Amino acid sequence: MLEAPDLLPRLSAFARLLHDAGLEAGPRRLTDATRALTFIDLKQERDFRSALRTVFVSRKDDIATFEAAFDIFWAPPDPRTVAGAIPGRARPLPMAPERAKAWANALGLSSSQMNREQDVRAVPATSSGYSAEELLRHKDFDTMTWEETEQVRRLLEQAPWRVAERRTRRLRAARSGRIDLRRTARHAIRSSGELVKLFRRRPRMRRRPLILVCDVSGSMERYSRLLMIFAHAIGRREDLEAFVFSTRLTRITRLLRQRDLDRALASVSKGVHDFSGGTRIGDALADFNRHWARRVLGHGAVVIIVSDGWDRGDPTQLAAELVHLRRSAHRLVWLNPLLGSEGYEPLTRGMAAALPYCDDFLAAHNLDALDDLGRLLASLDRRPARGRG
């Protein structure tokens, strides 16, 4: 079957798709995949999928990405579904929007169907030069209708989030890197003491965990639903710990782990008793530093605080808690929905007290602003870069 004229080019194209989605799929992996397919019956879809997964997947975290890419590239069209829609998708591909559109065109899919089957009729088309999706990306969350919110929900679920990786202390076998003396010596003993081969190893890579702390007080009420959708979308693909606060702090990580978004949002509504209340940011961060920081801030975590800065508490306490939090986090990012408003200045006492201790100060009023956050998280440095606020 390998002699078929179209299989090898298609296999090479599939490797390029995996590479764009973040998997290791270079020439060596492609060669190994070609060899692996000679040992199976290519007519058996399960064997074909398993052989390629064995070659291209090196980490548990990459399994879902491989399965999504395989379904898009190899699954035959189903006449019962919309053209190009892939049923049973587990998660979207972590790919830049321009690359996703290029692959959608190459594979004969619409750009909206590249990452998830969806109904694009929720947002009407316009006669301007922008598409409906582009107009929606620039529209403020505060002015959206319910139908537009549902469209944003689908776009957030397919967003190409991929947090930068960090080196861990654990090592793994590799073709390049430091010499693994123990493994080399064991192999030499089996070869009567002759040093036949040098084995090498290098640090394992893991994506940085995210800590999301959202303000759900009265002044943030118009953004609360979108923020919870945002948190659920990130939690489906990243190592996320989520908290909300108004007058007190509540952990909602387990509530957001439910696969169904509507059930997750209902659970959050029942579990959080101070939605749309007053705002005491300093008290909430003090509770976090005292009870949660040691549990969740390891392994180079990135802390994202989402708030408009309106605070009824003590600004001195807020500053002190941010100093403590900043020492433990790899990066401290503050998202303010008001930053996208024309003429906005961070003059409220809460925001003025917090700003000197933030590494990054970004807007969070529309999808375009959240894309900026995604690009920031994907390009994080190994070491925290202080003073970039």
So which residues in the stretch 237-252 are surrounded by 20 or more Cβ atoms within 10 Å (Cβ to Cβ), part of a loop (DSSP other than H, G, I, E, B) and not hydroxyl-bearing (Ser, Thr, Tyr), if there are any at all? ARG237, ILE252
Can you name every residue in the stretch 322-375 that is basic (Lys, Arg), in a helix (DSSP H, G or I) and in contact (Cβ under 8 Å) with a residue 12 or more places away in the chain? ARG326, ARG349
Filter the stretch 18-27 down to residues that are part of a helix (DSSP H, G or I) and under 18 Å from the mean Cα position of the chain (by Cα) and give me whichever is modelled with the highest pLDDT. LEU18
Name the one entry in PHE66, PHE14 that is farther than 19 Å from ARG206 by Cβ and either modelled with pLDDT of 85 or more or in contact with a Gly (Cβ under 8 Å, 6 or more places away or on another chain) (or both). PHE14
Pairs, first hydroxyl-bearing (Ser, Thr, Tyr) in the stretch 147-161, second modelled with pLDDT of 70 or more, C-beta under 9 Å, six or more apart: THR149/PHE141; THR149/ARG225; THR149/LEU226; THR149/ILE229
Please find, among ARG202, ARG190, ARG207, ARG236, the residue that is in contact (Cβ under 8 Å) with a residue 12 or more places away in the chain and out of contact with any strand residue (DSSP E or B) (no Cβ under 8 Å at 6 or more places or on another chain). ARG236
Determine the pairs where a residue that is over 13 Å from ILE305 (Cα atoms), located within the stretch 214-232, has a partner that is among the β-branched types (Val, Ile, Thr) and in a loop (DSSP other than H, G, I, E, B) with Cβ atoms under 7 Å apart, the partner being 6 or more residues away or on another chain. SER217/THR279; SER219/THR279; SER224/VAL216
Looking at (1) surrounded by fewer than 15 Cβ atoms within 10 Å (Cβ to Cβ); (2) farther than 18 Å from VAL163 by Cβ, find the lone condition where MET205 falls short. (2)
Just checking, does the stretch 215-234 include any residue being surrounded by fewer than 22 Cβ atoms within 10 Å (Cβ to Cβ) and assigned to a loop (DSSP other than H, G, I, E, B)? no
Within the stretch 296-311, is there a residue that is assigned by TED's automatic domain parsing to the domain that holds PHE243, part of a helix (DSSP H, G or I) and closer than 26 Å to THR247 by Cβ? yes
Taking only the stretch 297-319 into account, find how many residues are touching a Cys at 6+ places or on another chain (Cβ under 9 Å) and over 16 Å from LEU339 (Cα atoms). 0
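The values are calculated or read from the model by the stated rules, or taken from the named source; none is laboratory data. If you're wondering where the values come from, they're calculated on a predicted model, not measured in any experiment. Positions of Cβ are generated from backbone atoms using ideal geometry, with glycine treated the same way; all protein chains shown enter the neighbour counts.
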